[in-house]
Every structure is written in structure tokens, then in C-alpha cells.
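Below: the structure, in C-alpha cells.
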Amino acid sequence: MSGILVVERSTTLSHLLKRTLAAAGLSARSELAAYLDTIDHLKHSLELAQPYGLLIVGVPARPTRDCMALLDHLMTDDQRELPVLLMVHEQGPELDAWVRRRGGAAAVLWTQFSKIPAALAQLEPRAELLAPRSETAAVPQQGIRILFVDDSQSVRLAYQQLLERQGYAVASAGTLAEAADKAAKETFDLAIVDYFLPDGSGDELCRRLAGLPGAPALAVITGTYREDIIVKSLDAGAIECMFKNEAKELFLARVKTLSRQIQMQKSVEAERQRLDGILGSVGDGVYGVDQRGVITFINPTGLRLLGYDDEDALIGKSAQGLIHQTADEQATDPADPGLDGAYTAGNALKGHETVFWRRDKSGMTVECSVLPLAIQNRRQGSVVVFRDISERKSADNLRWEMTHDKLTGLVNARHFTHQVAQELQRRREAGGYSAILYIDLDRFSAIVDAAGVSASERLLVEIATVLGKRLREHDVLARIEGDRLALMLSGVQLENLFPLADSYRELLHQCKYEYGGASRSVTASIGVAVISRDTPSAEYVVEHARLACRTAKQRGRDQTEIYVGEHDARIAREIEAGWTERLRQAMEQERIILLVQPIVPISALPRSESAVVQRQGWRVNGSGSANQEYLFEILIRMVGKDGQLISPGVFVPLAERVGMMPKLDLWVLNRLLRYLSGVRGVKAPIAFHVNLSNMTLADPDSLKLIEAAIRTSGVSARQLVFEITETSELTSLHSARKFISALKKLGCRFALDDFGTGFSSFTHLRHLPVDFVKVEGSFVQGMPGSELDRKMVGSITQLAQSLKLRVIGEHVDSFSTLEALRVSGADYAQGNYLGEPRPLRSVDFAALFPHG
């Protein structure tokens, strides 16, 4: 026979087949679980001139299409000579007809699996050994005592006689309680337990016996084949499942196998007693301790490693106080809990690294293992094997330093690229997507200048720790250089990539540093690139994540940007398709909410912080002119279907990518106009800043819709200040100027946002007829501690005011920042110090300015 191929989907049934073959002295050459794979495998074996001598196929209770395809293949001329045994759950006319029509085939019911050897002998005449063997003379089984448990007296007697004829010493019990009592009083090597007992189940008895000292090996025997019984029994500790309807030769063969295993275990226990004769030749240090940790022996190698000449200096003394203790000779710190705990509890310990102390008190890095010592089923302490790994640890440290950043403990750029290459290979094999996040901390050089090198390094370590806590399996966080980190996220869903990446940007806000007398949050710009099976290389995806990060910087910092190149059109479609629908539904279901934040005239605020009085949680009151205008910026958030607020940093770039920003801008404007048309009784002049995207500025249809909305609302156009971002790629200054001029004719005003971040700031200021300039927030934040930032803001203010423009300073987060902005000559201040964003409809503007 050229070998047996077994095909069965069920792991349990496959196990049963292998045990049955093993009991008959046979084994499977190969095992498969899929029928279509079997067809290919049979063809390949013929091509290699390595045909099988027998095929055993497990047929499902309801034959599947794949199974029938295999049976059809076995009817072809190439496979006609291959003997086939079908294992079936029930007889059926179709399978019976197939067996007759094919020839060289047979079918056996699973409930009659004991007939397998006879069926194989009929199919393969050369396999004479497959036929059931006659009972041979009993061979004494030295020292094997068996407890047989069954509720039937006749069954107990029959099996007891069968086993005793083979030389086993057998005791029997009829109930769970009787069996447990006998096992507690006597020692047995093997317990064979009927599953169905009058006072419990076989798996319950297995658990009770397994908990006894010197517990016997466990096997379950049952009269019916049920997969759930087999699973429960194995889970309870049984190492074998037997069946009363199987041939007695198979039963005895299984018991014999178990007996050999038990005898081997007994030999191992006896061999441990010869430890003293072996210790002298062992190359590692070996010592023994009792359960209290007192040294009972030590080999010559152990003495040499520890620097002792005579074992008398160690034997009878505590290892805890002599071998493994602190470097302090007073040993005031507790000893190594790993070893001490293993001694006391009798636990095994493998590959444990610690420090042993030599006689001269010098330390030695060791790797040790603890093996509980049992003699005749009685624990006699533990044996400790140790080796000096000082040189290896030095090499390990060198390898670590070559692949990691010393300051943060993160992997370095070189090793990160290697990890990305491995992830790319996984994507090529398994499909799906991963992502690279390139993280560049904003204005880190200013942090270093203000806080110092040591504080900035501690901040980097804190950032690495905070980000590291979010890592999943296969995620990798690296420090590329300086203040630049990279994060590989393994196995991501494209529709969730923007929120996931942006959550890391928001997570960084938890990290704080002292700057200008105030505690400030870290911000970062994040670039994202996608890894797919089509990604050319690891270097390619890391570089494009860096380019996306640069774009995020140009958009105003503290932003997240995803790179989608010309070769990634399929990725772009998947991202865009999901977000187009999400944005459309959010607008239809009114799940975009308007927030408002005050922009306060600096002249209206007192110079003493204690003199500022809050109204509705905002610092807006003061001693300004009665005609002083107050401004408010409209901000937006999206409410996800799970109720979580989604930052505009997530959905605005996506709306720009899918061309929905004009619709979103118009949606926001219409909601604001509807609200303002109902506002009454405000004594002071107020106006609202509304952001417009570059895409809207370039769209003539959007201009017409905005003009119509303002005219029909009844709201004064002077109450609207449209903000355009200085960092936007204004592809046509002519179109933007035309758009702005048209709305200014209605009375609207314009502000140039994030001024100072782009390369074309002054070009925009020269050619666009704006009314306000908003200084980029990072400059304003840095003013208390940076002379350069103060000069920058002062210069921008002087330039803007010389052009008859008013200046707004953003990101005012402390009174010291407010005062620095006042000194610069700016007109307005905006930031969380003056008031955090609140829902528009929660603000009572009439109560906010009761006196005008």
C-alpha cells in the first residue's frame, strides 16, 4: 500500500479515524478537510508518480456540492484503481448505488466504525494486517492498576475479566461515589469511566479524580457515539475516549497504549532519583532547595560560577539570603519574588532572568529554570538550573540599541521601515489594508527654547508612553528623528481611517508642557498613507505619509491629512464612497451642530485679570465703547450615529475630497441665517464669522445661492463675516476676488484666516479685499515666552492696520497671552481663555449685552 489519505471536515471524527487506524497498526499518510482540495491533491500525486493505496472519505449527513464533485472525480479512469472507503452517517440509495457502480469501494456507518479494519482488508488484499486479530495470550502488565467504573454489573464483570486476562490488576465500581471513594483510598494508574452513571456523569467523575493527589490517567467509555460527550470528556481531563461497541482488539490496543505511557511516566519519576549521579557532568550550575528555600545540594559548576570552593558554605543555608538578594550587603530589599514563590508553591519556572550574587558580592546576570522535584508522588522541593548570560545580555543590549531609540524606547527609523516591509508582505498575502501615520509635533523648537532640552525630552517620553498605550498587536510606534514619530496601524477599515487617525491627534492633547507661565497642550500634524497589496515598497508608503504630514502643516497645523496618490484610485474610491453618504445623511438628519465662540474686543477687557467678570461662562464684558462691535465665530461638529462628536478635522477634508464643501457651507449658512432672523433685543452690535472653503469660492453657483439666501433671510449682511483660509490653495485669485466683491456689495465682510502660515500670505493680503486678518494661533500662543513670536505678531498687526484692516489673535489660552496680544496692538482676541465653543442655541445674546 502506498499510503492512506483521510478526508474529513470534522476534527473530532478525523481524530476517531486516526485512533482506529492506529489501533490496527496503520497510520494516514496525509489528511485533508476540503473536498475540492482533495481533487487537486489526487491529481498532483499521480503527476509525481506517488499514488495513494487507499482513500477514506467522510461523507456529510447531507452531501454537499463539493463532496459530490469529489465522488464524481473518483469515477474517472485515472482514479478507478484507487480503493475508496466511505464513512457515512446513514445508508442511502444514492451512495449505495455509487459504491456498486464504481467497484473497489465500500461504505461503513460511523456508528459501526469498529468494522473499519475488516472493510479495509476487503478493499486492499495486500493489507492482511488490517483484519481483526485473534486474542493473543495474556502478557503481564507489570504494576498497572486499573479502576473500571460502570453501572452495569455484567459489563463490569466482562471488562474486568478481559483486562485481567491481559495481566492488569483491576478493581471496579458501579457509581460515581463508590469510584471516588476507592480512588481516595487506593492508588490506581488508570481509570476507565462509563459516561452515564446513576449519580452523575463521566466528565464530573473525571474532574473529581483529576483533583486527587497522584491522580490516575483518565479514559471515558460509552455505548453511544456523540460528539458533545467526547468534547466534554476531553475538557474534563480524559486523554482517551472508548466505545463499548468497538472490537475488543481495539479496546485492548488502546489500553495497552495508555499503559505504555503510564510506565514511561513511572520511569521518569524513578530517573529523577538518579540526579546526584548526573550533576557532576552538567555544564550549567544546579542546586536544590527544600520547600523553605534552604539549599540541599549544589553541583561543582554551580560552586565555580558562584565563586565558592566548598559546598559546606552553602548547604543548609537559605538561597534567598545568599544567592539571590540585592546588591546591598544588608539585603534590606525583598528577595526575587519569582524564585522564592516557586520554592514555596512548588511551581515550575522556565527561562527566568535575574541576578545572582557571587561570594565576593559581584553581580552575575543568569537565566534559570526551576523544576519541582517529586519522588514517589511526594514533592521534595525544587531543582534550580542556571547559567551565566552576562555576555549574551551585552550582545542583546547592543542589538536593542541598533533597532531602538535610546530616549523613548521606541523602534528607530531603520527598524520601522523593516517592520513596514513585513506588514506589506502580510497585505500582499492576506489582502486588506494597513496605514502609516507620520506624526510631526507642532512648533517643537519653540517648546525646546522655552522649556529647555530636559523638559522637552521628558515630553517626548510622555508622548511615546501615551501613544504606546493605544497600540494593538502588530501595531508599531517609532521615533523617526527629533520630534517626528511614525505609527503603523495594522489591519484597518478604510471607512474608519480618518476618525481613527484623527483620534491619535486628539490623544496628543493630553500631553502638557509649561510655556509662558501656562500649561499648554501638545499639538501635532499627522499625515496618513495606506498600505495595500499594490503598495510598491515600504519606503514608498512612509515617504507619502511624510508628504501628507507636510500638507497638514500647510493647512494650519494640528490637522490630519490622508495621502491618496495617482496609483491609489481604488483606495480613494472606497474612502470617498462611504463618506459621501455619511455627509449627506448628516445634513439631512440635522446631525451637524453649530457652535459659537466669542471674538472679544481687547479694548473692552480690563488690564487686571481679577476685574474680568464672566457672563454665561464667557469673558466678554468690559469698559469698551458703547458702539464696540463683538464678533463670534461659527464652528461645526458632526454627530455620529453612535452619538459621538466628530471633529471637523476629520470630515471637512473628506468633504473637500468628494466635492461636498459647497453644499456643507451653504447648509451652515442657511441654519445660521434662520437662527439670526429670530434674535431680538441685542443692545450691542454683533457679527458672526462663517468659514468658506476654497471650493465654494471658486463655484459661481454657490455665490448665487449665498446671495439669494442672504436677501431672503431678512438678516443684515453686515452681521456676516466670511472667513477664507490663508493656507487654502486659492487657484484663482481673480475668481476669489470676484466672489468677495459680489458679497461685499451686499454688506458682507471678509476675514483672512491663519495668516502667516503660507508662502503667499502677503500676496493674498494685497489682492483680496478683506476686512480682518486672523493671526495664526501658534504665533499667538508663543508670545509670552518667545521674543520672535512677539515680533512676528507685532509686525503682522502693523502691516494689517496700515491697510485699514483689523487684527484678531487666535488661540488665546491665558491672561499673559492676552496681555502680550494687547501690547502688540491687535484689535480682537479669541481663544478658550475668553470662552470655549458652546452650542449656538444655548447662548442668550440679549442677556449677554444688556446695556449696549
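Structure notes:
- For the stretch 769-812, the set of trypsin sites (Lys or Arg not before Pro) satisfying both a DSSP loop assignment and a count of at most 13 other C-beta atoms within 10 Å is given as K804.
- Assigned charges on the beta-carbon of Lys, Arg, Asp, Glu; the chain dipole about Cα centre (debye): 2180 debye
- Calculated over the stretch 373-518: convex hull of Cα atoms, volume per residue (Å³): 225 Å³
- Contour excess over end-to-end distance, with Cα ends at H89 and K704 and 0.36 nm allotted per residue: 213.8 nm
- ³J(HN,Hα), Karplus 6.51/-1.76/1.60, whole Hz, each residue of the stretch 705-714, x for Gly, Pro: 5, 5, 4, 5, 4, 5, 4, 7, 7, x
- Packing rank of 838-848, 595-605, 286-296, where each peptide gets the mean count of other beta carbons within 10 Å, highest leading: 595-605, 286-296, 838-848
- Ranked by the mean number of other Cβ atoms within 10 Å of their residues, highest first, the peptides 457-466, 677-686, 438-447 fall in the order 438-447, 457-466, 677-686.
- Under a 5 Å amide H cut-off, with hydrogens placed 1.01 Å from N, M242 pairs with V220, I221, T222 among residues at least 5 apart or on other chains.
- Probe 1.4 Å, all protein chains present, accessible-area order of T111, T354, largest first: T111, T354
- Heavy-atom accessible area per residue - the chain, 1.4 Å, Å²: 47 Å²
- Accessible-area value, R555, 1.4 Å probe, nucleic acids and ligands omitted, Å²: 60 Å²
- Sites H352 and A210, calculated FRET efficiency, Cβ-Cβ separation with R0 25 Å, nearest 0.05: 0.35
- Prolate/oblate/rounded label for the stretch 654-739 (Cα gyration tensor, a/c 1.5): prolate
- Computed over neighbours whose Cβ is under 13 Å from that of G174, the net charge equals -4, Lys and Arg +1, Asp and Glu -1.
- Averaged over residues, the count of other Cβ atoms within 10 Å places the peptides 183-191, 366-374 in the sequence 366-374, 183-191, highest first.
- Directionally averaged projected area (convex hull, Cα atoms, the chain), nm²: 53.8 nm²
- Per-selection Rg to Rh, the stretch 70-116 - Cα, Kirkwood hydrodynamic radius: 0.97
- The equivalent ellipsoid that matches the C-alpha gyration tensor of the stretch 733-852 spans semi-axes of 24, 23, 12 angstrom, in descending order.
- With a 1.4 Å probe rolled over the protein heavy atoms of all chains, the accessible area of M264, M660, M68 falls in the order M264, M68, M660, largest first.
- Amide H contacts under 5 Å for C511, placed H, 5+ residues apart: V522
- Near Q380, the amide H atoms lying under 5 Å from its own belong to L373, A374, I375; only residues 5 or more places off or on other chains count, and H is placed 1.01 Å from N.
- If the chain linking F196 and T365 were pulled fully straight, counting 0.36 nm for each residue of separation and taking away their Cα-Cα distance, it would gain 55.3 nm.
- Positive contributions from Lys and Arg (+1) and negative ones from Asp and Glu (-1), summed over other residues with Cβ under 11 Å from the Cβ of G835, come out at +1.
- Expected 222 nm ellipticity per residue - DSSP helices of 4 or more, -39500 (n - 2.57), all of the chain, to 500: -12500 deg cm²/dmol
- Here the stretch 370-512 exposes an accessible surface that is 47 percent carbon and sulfur, computed with a 1.4 Å probe and the other protein chains kept in place.
- Estimated at 0.36 nm per residue, the fully extended path between V679 and T11 surpasses their Cα-Cα distance by 233.2 nm.
- Karplus-derived HN-Hα couplings along the stretch 544-552 (A = 6.51, B = -1.76, C = 1.60, θ = phi - 60°), whole Hz, x at Gly and Pro: 6, 5, 5, 5, 5, 5, 4, 5, 4
- Local electrostatic count, V690, Cβ distance below 9 Å [Lys/Arg +1, Asp/Glu -1]: -3
- Counting only protein heavy atoms and a probe of 1.4 Å, the accessible surface of the stretch 148-265 is 52% carbon and sulfur.
- Applying the Karplus relation 6.51 cos²θ - 1.76 cosθ + 1.60 with θ = phi - 60° to the stretch 689-700 yields 3J(HN,Hα) values of 8, 10, 7, 10, 7, 4, 5, 5, 4, 8, 10, x Hz, where x marks Gly and Pro.
The values are calculated or read from the model by the stated rules, or taken from the named source; none is laboratory data. Computed from a predicted model, the values in this text were never measured in an experiment. Note that each Cβ is placed from the backbone with ideal geometry, even for glycine, and that neighbours are counted across all protein chains shown. Note: areas computed on protein heavy atoms with side chains; ligands, DNA, RNA excluded. Shrake-Rupley method; radii C 1.70, N 1.55, O 1.52, S 1.80 Å.
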